[in-house]
Amino acid sequence: MIVVFDIGNVLVRWDRRYLYRKVFDDEERMDRFLSTALGMDFVSHTDVTEDFAAAVAARAPGESLLAAIRRDYARAAERADVTLGLSSPEFAAMIESSPVLISRSREMLDQREQALGDAIAAETGVDDPQQRVAAALLAAVPRILSAEGWRRSLAGQARPEIAAFLAAEARLAFDRLEPSLGDYCVRPAP
């Protein structure tokens, strides 16, 4: 057995940024992601886990939770954001081949739903099953569409094409939630 130590990247130039440039179009977001990454164990908290809670907190007076999350998702689709499940086929295959990374991805989506439920409970002053059901319903659309985005990324479909498809599907799905959640937790005027 021969073991070679490549101190100083003399034989192989490895920089994880090469891989992640295929995933992130925005260098600043990639740097933020990499600065919080825990090796290949993904991330403890990224934009994904707190994005709904942030959208809810930033909503305008008269805007419901559904409207805030719908708006946030539409903006992410316009950017073809990686949080929608968009990536290069290589990155998707790497994640797909690792039960640990698949599990971590699902855990982050669960944390996202939990953070949204916490934000609803904090705003309403009530933490009961109904707030958690609302959070689950609101988080379901992006979670399901993320899986579809991931599947299409793995198949090699172009990111802009996937983003457009997801945006259209999100509009339909959020429209289905409108009768039950359209007026839920509307932010009061100051």
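The numbers here are math on the coordinates, done by the rules we state, and not lab data. Computed from a prediction, not measured in an experiment: that's the story for all the values here. Here the Cβ is made from the backbone with ideal geometry for all residues, glycine too, and neighbour counts use every protein chain on show.
Side notes on the structure shown:
- Between Q130 and A93, the modelled labels are 5.0 nm apart [label points 7 Å from Cα along Cα→Cβ].
- Taking label positions 7 Å along the Cα-Cβ direction at both S103 and D31, the computed distance is 3.4 nm, reported to one decimal.
- Modelled label positions at A155 and R75, each set 7 Å beyond Cα in the direction of Cβ, lie 3.0 nm from each other.
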